[in-house]
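Heads up: the structure comes next, in structure tokens.
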Amino acid sequence: MTGPIVPAGKAEIDVLAAIHATAFSAGDAWSRDVFDLQLEMPNVFGLIHRDGGLILMRQAADEADVLTLAVVPAARRGGIANALLLEAIDAAARRGVRTVFLEVSTANSAARALYTKTGFSRVGLRRLYYADRSDALVLRLDLTAPA
């Protein structure tokens, strides 16, 4: 993989934690230890965008979950989240994933627009899911459906 998106491994934990801390409130940001634990799992993979973004996914059989997607505020609206999401979906498909799931806050209109544009559809709702007490939409993307 070349260009601004590179695989995220244990060597990038400090970068991942720094991006996450900038992108999320203190109560929602993941610590270095959380990234360390996640990346120790053999079914978790991640990507970093060199301009300030990250995505982590966890695979279970032929399904994957987007664990987190973050872009630093100064780099938002520049296509980084879209590039990371598409690259991660591609990587998941190469690993045999057929369905991708994620949760997104009902209050996060920018993320919801990105996921809708990418083809995710709503399959559930988790009430009061986030620290700010917002609900989470459960979204699904079928990788086997014709484009």
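The values are calculated or read from the model by the stated rules, or taken from the named source; none is laboratory data. These numbers were taken from a predicted model, which means no experiment stands behind them. Don't worry about glycine lacking a Cβ; one is built from the backbone with ideal geometry, like all the others, and counts go over all protein chains shown.
Please pick out the residue among Ala91, Ala18, Ala70 that is touching a residue at least 40 places away in the same chain (Cβ under 8 Å) and more than 18 Å from Thr116 (Cα to Cα).
Result of the check over Ala91, Ala18, Ala70: Ala91.
Among the residues of the range 89-104, what is the count of those that are surrounded by 21 or more Cβ atoms within 10 Å (Cβ to Cβ) and either of a type in the set (Asp, Glu) or within 13 Å of Arg122 (Cα to Cα) (or both)?
3
Residues in the range 84-91: is at least one under 16 Å from the mean Cα position of the chain (by Cα) and either assigned to a loop (DSSP other than H, G, I, E, B) or modelled with pLDDT under 95 (or both)?
Looking for residues that are under 16 Å from the mean Cα position of the chain (by Cα) and either assigned to a loop (DSSP other than H, G, I, E, B) or modelled with pLDDT under 95 (or both), one finds none in the range 84-91, hence no.
Hey, among Ser109, Ser105, which residue is of a type in the set (Gly, Ala, Ser) and in contact with a Phe, Trp or Tyr (Cβ under 6 Å, 6 or more places away or on another chain)?
Ser105
Can you find a residue that is over 19 Å from Glu63 (Cα atoms) and in contact with a helix residue (DSSP H, G or I) (Cβ under 8 Å, 6 or more places away or on another chain) anywhere in the range 132-142?
No, the conditions are met nowhere in the range 132-142.
Against the conditions (1) surrounded by fewer than 19 Cβ atoms within 10 Å (Cβ to Cβ); (2) in contact with a Gly (Cβ under 8 Å, 6 or more places away or on another chain); (3) closer than 13 Å to Leu141 by Cβ, where does Gly119 fall short? Just the number, please.
The one condition Gly119 does not meet is (2).
Conditions (1) in a strand (DSSP E or B); (2) out of contact with any strand residue (DSSP E or B) (no Cβ under 8 Å at 6 or more places or on another chain); (3) of a type outside the set (Phe, Trp, Tyr), marked per residue:
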| position | (1), (2), (3) |
| --- | --- |
| Arg58 | yes, no, yes |
| Thr68 | yes, no, yes |
| Ala74 | no, yes, yes |
| Asn82 | no, yes, yes |
| Val97 | no, no, yes |
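Only one residue in Ala26, Ala60, Ala75, Ala11 is surrounded by fewer than 22 Cβ atoms within 10 Å (Cβ to Cβ), within 25 Å of Arg140 (Cα to Cα) and more than 11 Å from the chain's Cα centre (by Cα). Which one?
Going through Ala26, Ala60, Ala75, Ala11 in turn, just one is surrounded by fewer than 22 Cβ atoms within 10 Å (Cβ to Cβ), within 25 Å of Arg140 (Cα to Cα) and more than 11 Å from the chain's Cα centre (by Cα): Ala60.
Would it be correct to say that Asp28 is of a type in the set (D, E, K, R) and part of a helix (DSSP H, G or I)?
Here the answer is no, as Asp28 does not meet what is asked.
Filter the range 47-56 down to the residues that are buried (at least 21 other Cβ atoms within 10 Å of the Cβ) and either out of contact with any helix residue (DSSP H, G or I) (no Cβ under 7 Å at 6 or more places or on another chain) or not in a strand (DSSP E or B) (or both) and list them by number.
Gly52 - this is the single residue of the range 47-56 that is buried (at least 21 other Cβ atoms within 10 Å of the Cβ) and either out of contact with any helix residue (DSSP H, G or I) (no Cβ under 7 Å at 6 or more places or on another chain) or not in a strand (DSSP E or B) (or both).
So which residues in the range 30-62 are touching a residue at least 24 places away in the same chain (Cβ under 8 Å) and among the basic types (Lys, Arg), if there are any at all?
Selection gives Arg50 alone.
Of all residues in the range 104-147, which are in a loop (DSSP other than H, G, I, E, B), among the hydrophobic types (A, V, I, L, M, F, W, C), in contact (Cβ under 8 Å) with a residue 12 or more places away in the chain and more than 20 Å from Ala64 (Cβ to Cβ)?
If the condition is that a residue be in a loop (DSSP other than H, G, I, E, B), among the hydrophobic types (A, V, I, L, M, F, W, C), in contact (Cβ under 8 Å) with a residue 12 or more places away in the chain and more than 20 Å from Ala64 (Cβ to Cβ), then Ala107, Ala131 are the ones that fit.
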